[in-house]
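Please read the structure below before turning to the comments.
The values are calculated or read from the model by the stated rules, or taken from the named source; none is laboratory data. Quick caveat, the model's predicted, so the values are computed rather than measured. Every residue, glycine among them, receives a Cβ derived from its backbone with ideal geometry; neighbour counts consider all protein chains shown.
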Amino acid sequence: MNTTLAEKMAAKETLEVISPITGEVVEKVGLQSTADVDKAVDKAKEAFNSWSKRTLRDRSQILYTYRNLLKASMPSLAEIIRVENGKTYNEAKAEVEKAIEVTEFACSLPQLNLDTCSEVSRGIYCRMSKKPLGVVASITPLNFPCMVPHWTIPIAIALGNCMILKPSEQVPLTGLKIEQLFLQAGVPEGVFQVVNGKADIAQAITQHPDIKAVSFVGSTKVAKLVYEASCKTGKRALCLGGAKNHLLVLPDANPKMAGADIAASMSGCAGQRCMAASVLVAVGDVQSIIKSVVDEAKKLIPGQNLGAITTCSSKERIEGYISQAIEQGATLLLDGRGVVVEGKENGFYVGPTILDNVTPDMAISNQEVFGPVLSIMHVDTVDEAIALQNKSNYGNGASVFTQSGSIATKVAEELKAGMIGVNIGVPVPREPFSFGGWDDSRFGVGDITGESSIDFWTQRKKITTKWNAEDKKDWMS
């Protein structure tokens, strides 16, 4: 560990990292101040002078070394994620695999021909190139401490920017490990830095005049605040918020496939993901499929194949939503409240929970629960189901389960969401297809990954040249 990383671990003011698996402190990490943000920006500005002058190919080669280190470090990195976040080891491993996938996309940028040149008039050529912005920053959430930072870091720095990461204070250990791997790969000091802290660090990032762009992933409430604060200081901002994903289920859906996929969608990462199934919209009589979902959900055992909720306050909030829905008339098909895992009695666990007969007036029908909880709402027609999803303020993801191609096409075209699935419970696109929602699930323009992200982290320079003085003059001369 280099001096900078050692200093972060040994700062005077520290933050206790509590494992949600046991409820015990597993590490203490130094908290940094807003003055440390200033220092990080100064260091990044200095590094940018040389990093941005390297060729895209040169930068991508260093990132490829990092990709190999990331792959080799998968077991240890997945274990860090498991301990500080609470998800299962296999879920943590899958998160690292997605981080590798986006890093590979960043490594491929030299093959995309980002610069263009054309003869626009006789003897006159226009060339357009994409230039890095300078110092940029990402503020990332607690639910994916490895994957979400990699939505931005490798692409931004491959394009020549210098990146500052502010990870969630609940899961700072993964970010420090990532920083260590970047340095080990040969990324110069200052090109990528982690600044650990709480809300004051995020605020300092949005207000710093030398930070040119900010990405954020978290709740809709905070995403909107970060977006507005960043825009006030003239920054580019792309802020992803929450979701309320509806899964439309028709009677002709394959019961076994739908049951397994929906149960996995509602419970993966303990439901702590913005693409989790939140509402099952039952179109007509789909009782056999609902039974299949319940049967599959019963196979999920907290502490074994179902991870912990990352914070105690989140566990309490989730259980509060469940209790409130029951009081308002929802039918409890599967109850995950009050879970205690043997040997991990102080851990933060909520079991899979399924509520039937949920109505639009209940809070659980329109608020993001962010836990392994599925609400079932009933409608008679496909049009009613589409209208139900489209009334939501969120527009992250939605899916339809059916064997009818015409119905699937209709639903996919009419649903108002950025990512649609057909017989898929978690419709997350693979690179180079980009990740991003609509409406209150996103503030800003473009998506956070894929080719769409390139424009966010760059600005265009156009150069027009003429060398032949004998060519016929026109308005461009």
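Here are some notes:
- Residue check for E368: touching a helix residue (DSSP H, G or I) at 6+ places or on another chain (Cβ under 7 Å) and in contact (Cβ under 8 Å) with a residue 60 or more places away in the chain: no
- Note on segment 53-160: enclosed strands (runs of 3 or more DSSP E) holding 2 or more residues that are of a type in the set (S, T, Y) and either touching a strand residue (DSSP E or B) at 6+ places or on another chain (Cβ under 7 Å) or touching a residue at least 40 places away in the same chain (Cβ under 8 Å) (or both) are 116-121, 124-132.
- Enumeration of residues in segment 282-322 that are in a loop (DSSP other than H, G, I, E, B) and either outside the structural domain of T381 (by TED's automatic domain parsing) or within 27 Å of L142 (Cα to Cα) (or both): K298, K299, L300, I301, G303, Q304, N305, G307, A308, I309, T310, T311
- Selection of segment 337-358 for residues being of a type in the set (A, V, I, L, M), farther than 13 Å from S19 by Cβ and surrounded by 14 or more Cβ atoms within 10 Å (Cβ to Cβ) yields V339, V350, I354, L355, V358.
- Any hit, segment 300-310, residues being more than 15 Å from G336 (Cα to Cα) and modelled with pLDDT of 95 or more: yes
- Residue among Q180, Q207, Q184 that alone is surrounded by fewer than 24 Cβ atoms within 10 Å (Cβ to Cβ) and closer than 16 Å to D36 by Cβ: Q207
- Single residue of T220, T233 found to be closer than 30 Å to I290 by Cβ and of a type outside the set (D, E): T220
- Among the residues of segment 48-64, just one is buried (at least 17 other Cβ atoms within 10 Å of the Cβ) and either under 18 Å from the mean Cα position of the chain (by Cα) or β-branched (V, I, T) (or both), namely I62.
- Scan of segment 139-191 for residues that are of a type in the set (F, W, Y) and either farther than 13 Å from R59 by Cα or within 12 Å of the chain's Cα centre (by Cα) (or both), ordered by number: F144, W151
- If you go through segment 359-372 and pick out every residue that is part of a loop (DSSP other than H, G, I, E, B) and surrounded by 16 or more Cβ atoms within 10 Å (Cβ to Cβ), you end up with 7.
Conditions (1) surrounded by fewer than 24 Cβ atoms within 10 Å (Cβ to Cβ); (2) assigned by TED's automatic domain parsing to the domain that holds V194; (3) within 29 Å of G241 (Cβ to Cβ); (4) not hydroxyl-bearing (S, T, Y), marked per residue:
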position: E84; (1), (2), (3), (4): no, yes, yes, yes
position: E91; (1), (2), (3), (4): yes, yes, yes, yes
position: R127; (1), (2), (3), (4): yes, yes, no, yes
position: I153; (1), (2), (3), (4): no, yes, yes, yes
